[in-house]
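Presented below is the structure to which this report refers.
The values are calculated or read from the model by the stated rules, or taken from the named source; none is laboratory data. As the structure is a computational prediction, the values presented were derived from the model and not from experiment. Cβ placement follows ideal geometry from the backbone for every residue including glycine, while neighbour counts extend to all protein chains displayed. The protein model used for the area step is the full one, side chains on, heavy atoms only, and it has no ligands, DNA or RNA in it. Shrake-Rupley method; radii C 1.70, N 1.55, O 1.52, S 1.80 Å.
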2 protein chains.
Amino acid sequence: MTITAEQVKELREKTGVGLMECKSALQEARGDMEAAIAVLRKRGLASVAKKAGRETKEGLIGTYVHNGKIGVMVEVNCETDFVARNAEFQTLVKDIAMQIAASDPRYVRREEVSEETLASEKDIYRVQARSTGKPDDVLDKIVAGRMEKFFAEVCLLEQPFVKNPDISVKDHVAGHIQKMGENIHVRRFVRYRIGD
Amino acid sequence: MTITAEQVKELREKTGVGLMECKSALQEARGDMEAAIAVLRKRGLASVAKKAGRETKEGLIGTYVHNGKIGVMVEVNCETDFVARNAEFQTLVKDIAMQIAASDPRYVRREEVSEETLASEKDIYRVQARSTGKPDDVLDKIVAGRMEKFFAEVCLLEQPFVKNPDISVKDHVAGHIQKMGENIHVRRFVRYRIGD
């Protein structure tokens, strides 16, 4: 079993254990990283390894709570801490959190919608469209149009921006990317409603 | 296919559609609630059904963000809005959010730990214990003790309360249950760290 220097380095970063021990643990685990961590822990060398790898992204975590009953947390990444501390960037993050509280998206972007959900939505729209008696050759077009509406309803980045519904959230973010000269990435969010 | 009045009522609450339509949709869906919602949507009767059932629980959503880099959101339920608006309850929720930010639990309570994780932890502790040369008959006891330590590390309610490490978070919550005369339930939390 050949263990690469890359693997040894990754295990070392994850556990803080010496290189030779990491190599031997990886050999014992036949290259499986998780198993190698378990090997080191069994040898008493690595403590419960909470350490993730070095953080490679900057950004800001924003929250918004409405009346204590609806809460949102969102992570927005940028390239430097300089931008993360910028007041305009902080306002952007706050606005995105408020957007999520108000508009209840289910996804950040359409790529996150599962194949299963896509198929089920398309099926529903097709049956609805067929019931109107429209000819078959326009059904596909109708379904495609309804899917775009679906994405605009459930995907944060495609929703109309609550503070300026003429543009999408994506457009609003794009404006900040241009203004600040750094890439900005809405990474993840979570929205709680009491009792949901 | 017999559809119960209960099922009809549940579908009506979920969709706001009339009773007779709900009953016929349930019959078509052979009693499957999700399928019946799809039937109603195909008939154009139910819009994308975001409405959950009536909220049965009160409580508060709390957040805590440390330096913009670590964020926590937690839902704590109680029985009445009266308690949810109580300042002491609100402090409790804030303290729990700070606890999560500081101590990084993975679960609310030990019942949430998967069988797989339990087995893997036990295995690691058993091998560690065996390597000390201790006799077999005390290994179980050692492993059980290590598991308790594991729970106290990864389960929010079993962690030492950061503001008073002599008691657990569970004890701290129990004190408030007694004081306020209402059940209090830490339901869920999420913790983000930038770049994790």
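Excluding residues on the same chain fewer than 8 positions from B:LYS14, give the lysines whose Cα lies under 24 Å from its Cα.
Result set, ordered by chain and number: A:LYS69, A:LYS122, A:LYS149, B:LYS23, B:LYS42, B:LYS50, B:LYS51, B:LYS57.
Going through region B:158-196, which trypsin sites (Lys or Arg not before Pro) have at most 12 other Cβ atoms within 10 Å and a DSSP loop state? Walk me through the numbers before you get to the answer.
Numbers: sites: B:LYS163, B:LYS170, B:LYS179, B:ARG187, B:ARG188, B:ARG191, B:ARG193; in loops: B:LYS163.
Filter output for region B:158-196: B:LYS163.
Which value results for Rg/Rh of the protein assembly as shown when Rg is the Cα radius of gyration and Rh the Kirkwood radius based on the inverse mean 1/r? Mind dumping the intermediate values first?
Details: Rg = 25.7 Å, Rh = 24.9 Å.
Over the Cα atoms of the protein assembly as shown, Rg/Rh equals 1.03.
Residue farthest toward the positive end of the dipole of region B:1-135, with Cβ of Lys/Arg at +1 and Asp/Glu at -1: which of B:GLN99, B:ILE61, B:ALA35?
Projecting each Cα onto the dipole axis, the largest value belongs to B:ALA35.
Just tell me which aspartates and glutamates come within less than 18 Å, Cα to Cα, of A:LYS134; anything on the same chain fewer than 8 places away is out.
Hits, sequence-local ones excluded: A:ASP123.
If you count, for every residue in A:186-194, the Cβ atoms of partner chains within 10 Å of its Cβ, what is the mean? Walk me through the numbers on the way to the answer.
Values: counts 0, 4, 3, 2, 6, 2, 11, 4, 14.
Going residue by residue through A:186-194 and averaging, the value is 5.
Please give the charge dipole size of region B:1-118, origin at the Cα centre, charges +1 on K and R Cβ atoms and -1 on D and E Cβ atoms. Round to the nearest 20 debye. All intermediate terms of the calculation are to be shown ahead of the outcome.
Details: 18 positive and 19 negative charges, 123 e Å.
Rounded to the nearest 20 debye, it is 600 debye.
Heavy atoms only, 1.4 Å probe, whole protein assembly: order B:MET73, B:MET98, B:MET1 by accessible area, highest first.
Numbers: B:MET73 0, B:MET98 80, B:MET1 125 Å².
Sorted descending by solvent-accessible area, the residues read B:MET1, B:MET98, B:MET73.
I'd like the mean, over residues of A:69-76, of how many other protein chain beta carbons sit within 10 Å of each residue's own Cβ. Show your work: numbers first, answer last.
On the way: counts 8, 1, 8, 3, 9, 2, 7, 1.
Counting Cβ atoms of other protein chains within 10 Å of each residue's Cβ and averaging gives 5.
Quick one: 3J(HN,Hα) in Hz for region A:38-45, Karplus 6.51/-1.76/1.60 with θ = phi - 60°, rounded, Gly and Pro as x.
These are the phi-based 3J(HN,Hα) values: 4, 4, 4, 5, 4, 6, x, 8 Hz.
For region B:67-81, just list the computed ³J(HN,Hα) in residue order, Karplus coefficients 6.51, -1.76 and 1.60, θ = phi - 60°, integers in Hz, with x standing in for Gly and Pro.
After applying 6.51 cos²θ - 1.76 cosθ + 1.60, I find 6, x, 9, 10, x, 10, 10, 9, 10, 10, 9, 9, 8, 10, 5 Hz.
Using the charge dipole of region A:119-196 (Lys, Arg: +1 at Cβ; Asp, Glu: -1 at Cβ; taken about the Cα centre), state which of A:PHE189, A:LEU157, A:SER120 has its Cα farthest towards the positive end.
The residue sitting farthest along the positive end of the dipole is A:PHE189.
Taking the Cα centre of region A:64-188 as origin and charging only Cβ (+1 Lys, Arg; -1 Asp, Glu), how large is the dipole, in debye to the nearest 20? Kindly include the intermediate steps, with their values, before the conclusion.
Details: 18 positive and 21 negative charges, 68 e Å.
The dipole magnitude comes to about 320 debye.
Explain nothing, just the number: dipole magnitude of the protein assembly as shown about its Cα centre with +1 on each Lys and Arg Cβ and -1 on each Asp and Glu Cβ, in debye rounded to the nearest 20. Provide the component values of the computation, followed by the final result.
Values: 64 positive and 62 negative charges, 41 e Å.
The dipole magnitude comes to about 200 debye.
Taking each label point as 7 Å beyond Cα in the direction of the beta carbon, state the distances from B:GLU115 to the same residue in the other copies, shortest first, in nm.
Shortest to longest, the spacings are 2.8 nm.
In square nanometres, what is one fourth of the surface area of the convex hull spanned by the alpha carbons of chain A? Before the final figure, lay out each step's value.
Details: hull surface 71.5 nm².
If I average the Cα hull's projected area over directions, I get 17.9 nm².
Note the angle between two axes, namely the Cα long axis of helix A:87-103 and the longest principal axis of the Cα atoms of chain A, as a number of degrees from 0 to 90, rounded to the nearest 10.
Tilt relative to chain A: about 60 degrees.
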